[in-house]
1. Is there a residue being surrounded by 16 or more Cβ atoms within 10 Å (Cβ to Cβ) and charged (D, E, K, R) anywhere in the stretch 124-134?
2. Please enumerate the residues belonging to the stretch 142-157 that are surrounded by fewer than 16 Cβ atoms within 10 Å (Cβ to Cβ) and either modelled with pLDDT under 95 or of a type outside the set (Lys, Arg) (or both).
3. Please go through the stretch 26-74 and give me each residue that is of a type in the set (Ser, Thr, Tyr) and part of a helix (DSSP H, G or I), ordered by number.
4. Given the options Lys56, Lys129, name the one that is under 14 Å from the mean Cα position of the chain (by Cα), over 17 Å from Tyr7 (Cα atoms) and of a type in the set (Lys, Arg).
5. Going through the stretch 92-108 one residue at a time, which ones are surrounded by fewer than 23 Cβ atoms within 10 Å (Cβ to Cβ), of a type outside the set (Gly, Ala, Ser) and modelled with pLDDT of 95 or more?
6. Could you identify the single residue in Ile113, Ile121, Ile91, Ile126 that is in contact (Cβ under 8 Å) with a residue 12 or more places away in the chain, more than 23 Å from Tyr191 (Cα to Cα), β-branched (Val, Ile, Thr) and not in a helix (DSSP H, G or I)?
7. Among (1) in a loop (DSSP other than H, G, I, E, B); (2) crowded, with 18+ Cβ neighbours inside 10 Å, which single condition is Ala212 missing?
8. Leu114 - would you say it is under 30 Å from Lys32 (Cβ atoms) and buried (at least 16 other Cβ atoms within 10 Å of the Cβ)?
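The values are calculated or read from the model by the stated rules, or taken from the named source; none is laboratory data. Predicted model only: the values in this text are computed from it and were never measured. So basically every Cβ, Gly included, is an ideal-geometry build from the backbone, and we count neighbours across all protein chains shown.
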Amino acid sequence: MKTIINYSPNFDINKRKKKEIKFIIFHYTGMKKEIDAINRLTNKKSKVSSHYLIKKNGEILNLVPDLFISWHAGNSSWKNYKSLNKHSLGIEISNSGHDHKYKKFSQKQINSILRLSNFLIKKYNIKSKFILGHSDISPDRKKDPGEKFPWYFLSKKKIGVWHNLTKKKLIKARNEKINKHDKDTFVKNLYKIGYKNSHKKNINFIKLITIAFQRRFRQERINGVIDKECLIISKNLVKKF
């Protein structure tokens with residue numbers, strides 16, 4: 001696996017065991033200039049880093065060796081795991097993000113995502129259901145890698161999970177209102193899938209995890225509204241997660 005070493009000082013000193021690596025977490029850099037993103041991830045004062053960064057031209061930078069814990073996930077959770085830095089590999093992808101005219105990821109980047117992901121999956125025996133985005137594990141804080149990230153395409157290559165519902169069925173259910181019981185079922189399904197459970201019926205938080213779910217699994221329409229399409233996708237995914 002060809003990478004360019006550009007080490008960051010931002011990582012935990014103690015090494016972890018290979019078997020502790022369970023997750024791959026995708027991010028976008030969210031900065032206008034690629035060089036600024038690289039500088040931030042390698043600046044001691046920023047206190048952030050990732051294991052890898054994929055540049056716009058597809059080059060892969062190795063910022064932190066795999067067996068060291070990089071600082072990319074922050075306050076995060078998925079299923080019974082808390083603070084995912086300890087159990088994950090972070091991959092940043094150069095992209096200006098939602099605050100700076102969010103653009104599609106380049107084909108060269110997607111090719112590198114495939115190569116790097118396949119290498120890491122094989123090396124650490126990472127399950128597809130544990131390949132996630134930053135917004136999945138921190139839905140109340142993050143939007144990345146966003147709705148333009150090619151989750152469906154990657155799932156066809158066994159990188160991440162996707163539903164198997166037909167487009168016809170999805171479009172038919174889109175915007176169809178559902179009752180309170182079905183909305184509660186949808187939220188419970190999100191918790192079963194792995195999304196953070198607030199243990200409170202906080203309407204604002206439920207909207208945030210719904211948006212995170214839509215960014216990942218219903219990328220054509222992100223509005224935070226729970227409709228029948230969201231419900232049937234969640235029911236389909238519970239079986240996979």
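1. yes
2. Result: Tyr152, Phe153.
3. Matches in the stretch 26-74: Ser46 only.
4. Lys129
5. His98, Asp99, His100, Tyr102, Lys103, Lys104, Phe105, Gln107, Lys108
6. Ile91 is the lone residue from the list that is in contact (Cβ under 8 Å) with a residue 12 or more places away in the chain, more than 23 Å from Tyr191 (Cα to Cα), β-branched (Val, Ile, Thr) and not in a helix (DSSP H, G or I).
7. (1)
8. No: the conditions fail for Leu114.
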